[in-house]
Amino acid sequence: MQKKYRIVGTSEPRIESIAKVTGMAKYTTDIFMPGMVYGKILRSPYAHARVTGIDVSEAKKVPGVLGILTFKDIPNVLYNCSGTPPSGLVIKDERILTNKPKYVGDKVAAVVAQSEKTCDEALKKIKVDYELLPSIFKIEEALAKGAPLVHSSLFKTNICSSFRVEEGNVEQGLKKSDYIFEETSRTQGVQTIAMETTGCVCHYTYDNRIIVWGTTQNPHHDRRILADLTGLSENRIRVVKPVMGGTFGVRQQLHHQPIGIFLSKLVRRPVKMIYDREEEMYASVIRHPSLIKVRVGVSREGKILAFHIKVYVNTGGYATQGPILLPSMSKKMQYKVPHYLFEGFCVYTNAPVAGSMRGFGNTQLNFARETIINEICEKMGWDPIDFRLKNHLQVGDKIPSLNDEVQSCKIEECAQGANNIKNILEKERCSQDTQIFNNPAIKRAWGISFGNHGSGISGRDQAAAVVLVNDDGTVKLLVGSPDIGQGSDTILAQIVAEELGLETTQMVTTVSADTEYTPYDNGTFSSRQAYVGGNAVLKAAQDCKNTIMEQLSLLYGVEAKKVYFVDGKYVVNTPRGEECLTFAEVIHKASFGVGGRVFIGRADYKPSTSPMPFAVCIAEVEVNLDSGEIKVPNVIMAIDSGTIINPCIVEGQVQGGVSMGVGYALYETMRMDPKFKRPLESDLLSYKVQFAVDSPRIHVCLVDSYEPTGPYGAKSVGELTTVPVAAAIVHGIYKATGYWVRELPVISNLKF
Amino acid sequence: MIEEKNFVNITVNGIKYQENVSPNLTLLKFLREDLGLTGTKEGCGNGQCGACTVIMDGKAVNSCLVLAVQANGSHVETIEGIGTPDKLHPLQKAFIKEGAVQCGFCTPGMIMSAKVLLDKKNNPEEEEIREALSGNLCRCTGYVKIVQAVKRAADYYKKKKKNSSL
């Protein structure tokens with residue numbers, strides 16, 4: 001393949017690598033500052049209750065306790081923690097501290113003290129009287145007639161939000177179909193298990209300013225909500241994101257920053273509050289459990305004519321992102337479907353609160369959709385790849401229920417790429433282990449699924465970037481969407497280096513994010529950094545370059561058209577001949593002295609579309625029919641993410657996403673103990689996450705593609721990679737056992 | 001109540017420390033809060049994730065499960081002790097080169113576990129690498145690039161050994 005760019009497309013090491021491998025990177029938990037004290041939260045042990053009495057007098061006497069807050073001491077206002085742009089869909093239903101807890105872990109009181117240990121002692125001495133209220137955990141329970149209402153003061157039902165979109169007429173489409181297939185599937189709640197637990201350090205200063213250092217994906221939305229809650233204006237609130245140890249969606253919501261701020265207001269000192277792992281397990285948001293009913297009509301020739309998806313998602317005690325999740329799910333149809341109906345319902349229960357997590361509804365939807373497609377193909381004797389390709393969206397096709405057209409799609413190349421890897425693996429296998437072949441109880445099979453996602457919020461997204469040129473020809477890039485571990489600081493720096501003609505990415509310092517310095521940005525979610533953020537950064541770099549070229553034409557006294565940018569160099573066509581300058585030379589020449597200038601590039605960007613990246617996933621499943629043991633030895637993932645800005649970073653995204661998808665498919669789950677009505681999974685022993693020995697071999701194929709609206713042709717990657725894994729594994733299990741798993745995780749629902 | 005303190009003598013990264021510590025202070029907290037060595041991370045506090053792995057007398061341990069008093073008289077190595085930005089350890093170099101670092105929170109513990117393996121054996125099989133890292137949780141990478149990085153570091157080890165024998 002011909003190399004198109006100097007820096008885009010190369011596996012530059014992450015710009016923060018050295019700090020991370022030497023232990024020098026400072027995460028929220030590593031912040032220690034003069035005068036700093038600690039805070040902890042008293043959480044409800046009951047899933048649904050009313051606080052009838054609360055006595056903090058004994059707790060206040062614990063030496064070292066500086067202050068205690070209950071719901072009585074805090075503004076009694078409703079808010080929504082979601083870090084999304086303001087929207088009519090958002091439901092304000094939660095309080096900073098509550099007297100009516102709606103899930104196990106709901107926040108009832110908080111302590112600020114000299115040490116974490118003192119906080120713990122004080123928490124034990126707060127006496128709370130609870131009146132228990134009837135609690136519900138499952139979608140069906142919440143929908144049943146006469147079900148207890150979770151938010152009786154806001155809704156007369158447990159359905160807090162619904163969304164419907166139809167294109168064509170699904171009933172007519174089904175009538176026209178030769179075959180109709182129908183199925184119901186269920187998915188479980190899972191935790192993101194970011195390695196760094198949720199945390200913040202909040203400082204309410206004597207001059208009535210607030211600084212929050214903490215785990216966040218969207219500092220600007222945090223600032224807006226915190227301004228609402230505290231009554232301070234946004235210019236008095238600063239939200240800073242230190243280095244972050246993963247998040248995968250869980251910090252797209254405010255967590256306990258509001259409590260930290262009010263605790264700090266009591267003492268006017270920085271208050272550090274870090275979740276322990278148990279708190280993280282039941283009190284941070286999970287992926288929405290779902291109940292999905294699908295009806296599909298197909299023609300004799302194998303064309304999909306109608307697709308009806310009816311989804312219920314369990315949002316737990318609060319709505320958070322639920323109402324936004326539904327329309328987002330509806331936009332993920334990657335097949336040409338003339339009659340398409342999506343109906344979604346967001347349901348309150350007293351289960352753990354759901355929120356953003358990698359895939360944002362698409363993981364659940366993809367499992368249901370791709371599984372029924374596999375069933376159709378198995379029943380009809382159709383090849384599952386051919387069937388999908390025949391029905392897949394192509395360039396120029398309109399996406400069902402949207403006005404957007406597909407502008408890039410290399411799905412066939414993905415299918416080919418994945419299949420080639422599978423063939424190689426099978427060939428290698430033939431020459432190896434005959435032992436497994438000799439055991440008749442062990443069955444091996446490959447399963448397949450396709451996947452897609454978006455690149456940012458379609459229609460409502462926005463980002464901005466500022467490029468500041470230093471004296472020596474290095475650059476500082478300011479962006480408001482945080483690097484959360486995925487590598488956006490590096491790939492955005494690559495875009496700047498490419499566009500301005502810097503020699504390496506290491507000459508760019510990316511600052512992300514600090515509301516005091518970085519421009520407004522929607523934040524890090526919806527796989528939007530490379531595409532939405534990348535376009536803003538590209539425009540800002542171009543703005544900077546335009547100023548530089550303008551300055552060069554003035555400096556040399558030539559017309560603007562005589563200044564070019566070729567192969568990363570600035571070329572001036574002077575009467576004495578051509579002069580070729582590096583970026584550093586230009587800056588040296590054009591910055592100082594008479595007529596010198598300061599070079600700044602700025603841009604904001606609003607995308608008109610949210611291009612779909614595509615994936616083909618082939619998973620190998622090995623089932624021991626005697627013991628029931630299931631292994632996934634190999635997972636192949638071929639993706640079309642447009643131009644790959646940094647292959648190494650993208651491969652890492654795919655491998656990590658696949659690993660998360662395998663856990664989701666097989667064994668990760670947050671279950672409620674029916675007797676004690678609290679989550680069973682409270683640590684990393686009970687909640688199974690893959691270690692290196694459990695992890696499948698993951699094979700990645702990056703397909704050559706180009707998205708015309710993307711920066712240098714790039715689309716998204718992060719969430720896409722988790723989406724199709726479960727359906728491929730479940731297909732493999734069917735082929736090995738003849739049994740369709742209709743409910744995730746596989747391990748809890750295996751009945752062959 | 002006045003808390004009883006114990007006198008300990010612990011060598012960390014070659015430097016001797018003599019401190020009075022509470023009997024229930026973990027080695028993790030001693031390193032992070034008393035010595036300010038925050039490179040060692042806490043991911044769970046229960047010995048289930050390995051983010052706090054350090055090397056104590058040649059063995060990889062979860063420092064959240066070791067009390068500072070138990071480390072009395074021991075030699076402890078942390079991520080800060082094995083390399084610096086100017087002189088990276090082969091494992092640190094390999095982790096960067098292979099793209100084995102994403103969020104980086106598991107990285108210090110992962111590198112310390114890998115170091116114990118490579119200090120003993122510079123040509124491990126893939127299964128041995130995976131086994132050696134199986135107390136260390138990573139949620140970002142799917143372990144692929146981490147395993148590759150340890151293999152690459154093993155090559156550096158071998159070359160170093162070869163050079164030193166020349």
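Residues in the range B:6-82 average 39 Å² of solvent-accessible surface per residue, probe 1.4 Å, ligands and nucleic acids excluded. Couplings 3J(HN,Hα) for the range A:519-530, derived from phi with the Karplus relation 6.51 cos²θ - 1.76 cosθ + 1.60 (θ = phi - 60°), are x, 4, 7, 5, x, 9, 5, 6, 6, 9, 5, 5 Hz, where x marks Gly and Pro. Computed 3J(HN,Hα) for the range A:124-130, one whole-Hz value per residue from the Karplus formula 6.51 cos²θ - 1.76 cosθ + 1.60 where θ = phi - 60°, is 5, 9, 7, 9, 10, 9, 10, glycine and proline marked x. Loop-located chymotrypsin sites (Phe, Trp or Tyr not before Pro) across the range A:582-616 with a Cβ neighbour count of 15 or fewer within 10 Å are A:PHE592, with loop assigned by DSSP. Sorted largest first, the principal axis extents computed over the alpha-carbon atoms of the range A:499-612 equal 52, 32, 24 Å.
Around B:CYS44, what is the net charge, scoring Lys/Arg as +1 and Asp/Glu as -1 over all other residues with Cβ under 15 Å from its Cβ? Its environment carries a net charge of -2. On a per residue basis, the range A:1-50 carries 44 Å² of accessible surface, using protein heavy atoms and a 1.4 Å probe. Ordered by 1.4 Å accessible area with all protein chains kept, A:SER153, B:SER22 run largest first as A:SER153, B:SER22. With all projection directions averaged, the alpha carbon convex hull of chain B covers 10.3 nm².
Burial here means at least 30 square angstrom less accessible surface with every protein chain in place than with the chain by itself, probed at 1.4 Å; in the range B:22-46 the buried residues are B:ARG32, B:GLU33, B:THR38, B:LYS41, B:GLY43, B:CYS44. Cα-based values for the protein assembly as shown, radius of gyration first and Dmax second, are 28.0, 89 Å. The range A:679-732 and the range A:48-93 have Cα centres separated by 36 Å.
Only the Cβ atoms of Lys and Arg (+1) and of Asp and Glu (-1) were treated as charged; on that basis the dipole of chain A about its Cα centre amounts to roughly 1620 debye.
To put it simply, the accessible area of the protein assembly as shown at a 1.4 Å probe is 50 percent carbon and sulfur.
Sorting A:HIS588, A:HIS339, A:HIS220 by accessible area puts them as A:HIS588, A:HIS339, A:HIS220; the probe is 1.4 Å, largest comes first, and only protein heavy atoms count. Considering only alpha-carbon pairs that sit under 8 angstrom and 6 or more positions apart, the relative contact order computed for the range B:1-146 is 25 percent.
Exceeding 30 Å between C-alpha atoms, which entries from my cross-link table qualify? They are A:LYS606/B:LYS93; A:LYS72/A:LYS124; A:LYS631/B:LYS158; A:LYS293/A:LYS688. Those over the limit are A:LYS606/B:LYS93; A:LYS631/B:LYS158. What separates the Cα centres of the range A:548-578 and the range A:319-339 is a distance of 50 Å. Quick note on the range B:6-82: its Rg to Rh ratio, both from C-alpha atoms and Rh being the Kirkwood radius, is 0.91.
When A:TYR206, A:TYR103 are compared by accessible surface with a 1.4 Å probe, the order from highest to lowest is A:TYR206, A:TYR103. Give the A-B buried accessible area in Å², both sides summed, 1.4 Å probe, nearest 100. Summing both sides, the interface buries roughly 4100 Å². Pairs of Cα atoms under 8 Å, at least six residues apart: use those to get the relative contact order of the range A:547-692, whole percent. Once divided by the residue count of the range A:547-692, the mean separation gives 11 percent. When the other protein chains are added to the chain by itself, burial of at least 50 square angstrom of heavy-atom accessible area (probe 1.4 Å, ligands and nucleic acids ignored) affects these residues of the range B:63-106: B:PRO85, B:ILE96, B:VAL101, B:GLN102, B:CYS103, B:PHE105. Using Stokes-Einstein with the Kirkwood hydrodynamic radius over Cα pairs, what translational diffusion coefficient do you get for the range B:90-165 at 4 °C and a viscosity of 1.567 mPa s, in µm²/s rounded to a whole number? Here the translational diffusion coefficient equals 106 µm²/s.
Determine the relative contact order of chain A: mean sequence separation of Cα pairs under 8 Å and six or more apart, normalised by residue count, in whole percent. Computed value for chain A: 16 percent relative contact order. For B:LYS162, the accessible area of its heavy atoms, probed at 1.4 Å with every protein chain present, is near 140 square angstrom.
With Rh defined as the Kirkwood radius, the inverse of the mean 1/r over Cα pairs, the Rg/Rh of the range A:572-639 is 1.50.
Solvent-accessible area per residue in the range B:90-165 equals 38 Å², computed with a 1.4 angstrom probe and all protein chains kept. At the residue level, A:LEU229 shows approximately 10 square angstrom of accessible surface with a 1.4 angstrom probe and all protein chains present.
Buried on complex formation within the range A:171-210 (loss of at least 30 square angstrom of accessible surface versus the isolated chain, 1.4 Å probe, ligands and nucleic acids ignored): A:MET195. Electrostatic tally near A:ARG186: other residues with Cβ closer than 9 Å to its Cβ, Lys and Arg +1, Asp and Glu -1, net 0. So if I take the centroid of the Cα atoms in the range B:35-101 and the same for the range A:281-313, what is the distance between those two points in Å? First find each Cα centre; the distance between them is then 45 Å. Please tell me which of these pairs span more than 18 angstrom C-alpha to C-alpha: A:LYS60/B:LYS29; A:LYS241/A:LYS545; A:LYS545/A:LYS589; A:LYS107/A:LYS127; A:LYS303/A:LYS390; A:LYS20/B:LYS87? Too far apart for the 18 Å limit: A:LYS60/B:LYS29; A:LYS241/A:LYS545. Charged neighbours of B:VAL144, selected by a Cβ distance under 15 Å, balance to +2 (K, R count +1; D, E count -1). Only protein heavy atoms count here; under a 1.4 Å probe, B:ASP155 has an accessible surface of about 70 Å². Once the Cβ-Cβ distance of A:ARG460 and A:SER553 is raised to the sixth power relative to R0 = 56 Å, the FRET efficiency obtained is 0.90. Every Cα-Cα pair in the range A:18-72 was counted, and those over 15 Å apart are 69% of them.
The values are calculated or read from the model by the stated rules, or taken from the named source; none is laboratory data. Worth saying up front: this structure is predicted, and the values here are computed from it rather than measured. When we count neighbours, we look across all protein chains shown, and the Cβ atoms used for this are built from the backbone with ideal geometry, even at glycine. When the accessible area is computed, the model is the full protein with side chains, heavy atoms only, and any ligands, DNA or RNA have been set aside. Shrake-Rupley method; radii C 1.70, N 1.55, O 1.52, S 1.80 Å.
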